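Encoded as structure tokens, the structure appears first; notes follow it.
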Amino acid sequence: MAIPQESLPAASKRLLETAAGSESARSLILAAVGWWVLAWGLSGFLGGFLAGFVTALMRTPGGLNASLNTLGTFTVKVILFAGVLLIAVRKRSRIVGYGNRRAGVDDRPIMRWRLLIVLVLLAATWAFFVSAVFVWAVRNAPEPQWVASWRQASPWTVAAFAVAAVVLAPLAEELFFRGWLWTELRRQWGAFPTALLRCGSWMVMHVERGLLLPLFLLPIAVILGFARHFCGIRAAIILHAIYNLVGFLVLLPLLVSKA
């Protein structure tokens, strides 16, 4: 007969919780991969379908094919991807936090503000450098087709993309990878292997856009790992948002220019 945990000593309760955490952690990474694949698949399929459907309703020349590389399509995909990740966060954080979702993502006030300011400056500098290099490469090479397509976007589409990239994506990605996943792994692993796995998984998540992109993301992944470990999950979200904001502002003239 099972013994109710309420009747066990505090030390025994801690042993049971540790054992339960070890058992659940065996499938932790697979669960994260499964949710990521689901988010990637749904955003890829439904994003193109919804954008094409809207384009067809608006009777835009070219129909579905004309919409596949537009900024609106990309924005829809980002929103869908982030939405699935947030659903995963809601479900998994409840498990990791033993019913308390905030504990499941280790949601605490920001610590070490001085360190955070230094990390913000580093992240903003790196975002400016990477984006500037990208803009220079685009202007000094045959223009990619997607750039010309994105320039046709309306101001409302650009604004929606900015919100999705600067607010929604950082919130979803950080709560997913450095929230519940980080919190559970830290119960069994040290800070370095946890940060290493998170850094690698985040880079792999962007490999579909080219093998060069993950290399450019390595420094910011390290910076975000420092922010999460020393300053907390809220700091990582803010830092990620600032990084995306700086990149967006640098790329904006390229996307809205007519030549």
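Applying the set (1) of a type outside the set (A, V, I, L, M); (2) surrounded by fewer than 16 Cβ atoms within 10 Å (Cβ to Cβ); (3) touching a residue at least 12 places away in the same chain (Cβ under 8 Å) to Trp156 leaves exactly one unmet item: (3). Within segment 31-44, residues that are touching a residue at least 24 places away in the same chain (Cβ under 8 Å) have Cβ atoms under 6 Å from residues that are of a type in the set (Gly, Ala, Ser) and assigned to a helix (DSSP H, G or I) in these pairs: Trp35/Ala88, counting only partners at least 6 apart in sequence or on another chain. Annotation note: of Trp182, Trp189, Trp150, the sole residue that is more than 18 Å from the chain's Cα centre (by Cα) and crowded, with 17+ Cβ neighbours inside 10 Å is Trp150.
Candidates Trp126, Trp136: the one that is among the aromatic types (Phe, Trp, Tyr) and either touching a strand residue (DSSP E or B) at 6+ places or on another chain (Cβ under 7 Å) or surrounded by 16 or more Cβ atoms within 10 Å (Cβ to Cβ) (or both) is Trp126. Among the criteria (1) part of a helix (DSSP H, G or I); (2) in contact with a helix residue (DSSP H, G or I) (Cβ under 8 Å, 6 or more places away or on another chain); (3) more than 19 Å from Val246 (Cβ to Cβ); (4) among the small types (Gly, Ala, Ser), the one Gly200 does not fulfil is (2). Determine, yes or no, whether Ala160 is modelled with pLDDT of 85 or more, farther than 25 Å from Leu122 by Cβ, within 18 Å of the chain's Cα centre (by Cα) and not aromatic (Phe, Trp, Tyr). Criteria met by Ala160. Within segment 117-152, being modelled with pLDDT of 95 or more and over 13 Å from Val246 (Cβ atoms) holds for Ile117, Val118, Leu119.
Is it true that some residue in segment 222-236 is without any contact (Cβ under 8 Å) to a residue 12 or more places away in the chain and of a type outside the set (Val, Ile, Thr)? Within segment 222-236, none of the residues are without any contact (Cβ under 8 Å) to a residue 12 or more places away in the chain and of a type outside the set (Val, Ile, Thr).
The values are calculated or read from the model by the stated rules, or taken from the named source; none is laboratory data. Values in this document were obtained by computation on a predicted structure and should not be read as measured data. Reconstructed Cβ throughout: ideal geometry from the backbone, glycine too, with neighbour counts over all protein chains shown.
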